[in-house]
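Engineer: One structure, pasted below without further comment.
None of the figures in this text is laboratory data; all of them are computed from the coordinates on show. Here the structure is a predicted model, which is why all the values come from computation and not from measurement. Here the Cβ positions follow ideal geometry from the backbone for every residue, glycine too, while neighbour counts run over all protein chains shown.
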Amino acid sequence: MVGPAGRMDKRIFFLISKARHNLHKRMERIMEAAIGVPVTQVVALLALESRDGSQLKGLGRFLGLNKSGVTGLVKRMEDNRLVRKQPDALDGRATRVFMTAKGKRVLQQAKPIIKIQNTELVRGFSDSEIAVVLRFLNHLCDNGELEPAN
């Protein structure tokens, strides 16, 4: 963002928050129009692709959702027939989440859309610039839960 007098905004936290919001809104419109599935559910399907059969709490932890958040998300996904829940065979208190055939089809429909959007997001940037952005974003994802420095 360019501020007053043409200066580039350097407020990292603000910019990341604003960028996340704008990207989420954009992808919400695109996914709803193209496949009729909210982007949050697509993200959960992406997580389940390599973690199918995850416990509900593990899926929530991976997605950064609290218990009620992941419970509501999975319920909406069940209503859309994208996932099914099953009691954990080893822990009767736990529930596992599995993609349905419809969930797998929806994910395959979403992937080319995501690929196109990823290409659009990096347009105009060099490979070395994107490498720095990716390193920064991975750093945030890997260290986002660390205790703040005093």
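Engineer: Note down the magnitude of the dipole of the stretch 9-143 about its Cα centre, charges +1 on Lys and Arg C-beta and -1 on Asp and Glu C-beta and zero elsewhere, to the nearest 20 debye.
Structural biologist: Approximately 320 debye in magnitude.
Engineer: Rank the residues D52, D142 as a footprinting-exposure proxy: fewest other Cβ atoms within 10 Å of their Cβ go first. Please report the intermediate quantities before stating the final value.
Structural biologist: On the way: D52 15, D142 9.
Result, fewest neighbours first: D142, D52.
Engineer: Then there's this: So for H139, H24, fewest C-beta neighbours within 10 Å to most, what's the order?
Structural biologist: H139, H24
Engineer: Which order results if L15, L82 are arranged by neighbouring Cβ count within 10 Å, fewest first? Walk me through the intermediate numbers first.
Structural biologist: Numbers: L15 13, L82 25.
Fewest-to-most Cβ neighbours within 10 Å comes out as L15, L82.
Engineer: Identify which of the listed values of Rg/Rh (Cα atoms, Kirkwood Rh) was calculated from the structure shown: (i) 0.93; (ii) 0.95; (iii) 1.03.
Structural biologist: (iii)
Engineer: Testing the spin-label approximation: label points 7 Å from Cα along Cα→Cβ at L140 and D88. State their distance in nm.
Structural biologist: Taking the two extended label points, one gets 3.1 nm.
Engineer: Okay, next question. How high is the relative contact order of the chain? Use alpha-carbon pairs under 8 Å, at least six apart in sequence, and give a whole percent.
Structural biologist: Working: 107 pairs, mean separation 25.4, N = 150.
Averaging sequence separation for qualifying contacts and normalising by length gives 17 percent for the chain.
Engineer: What's the extension gain from K57 to F14 if we count 0.36 nm per residue and subtract their Cα-Cα distance?
Structural biologist: Answer, rounded to one decimal: 12.5 nm.
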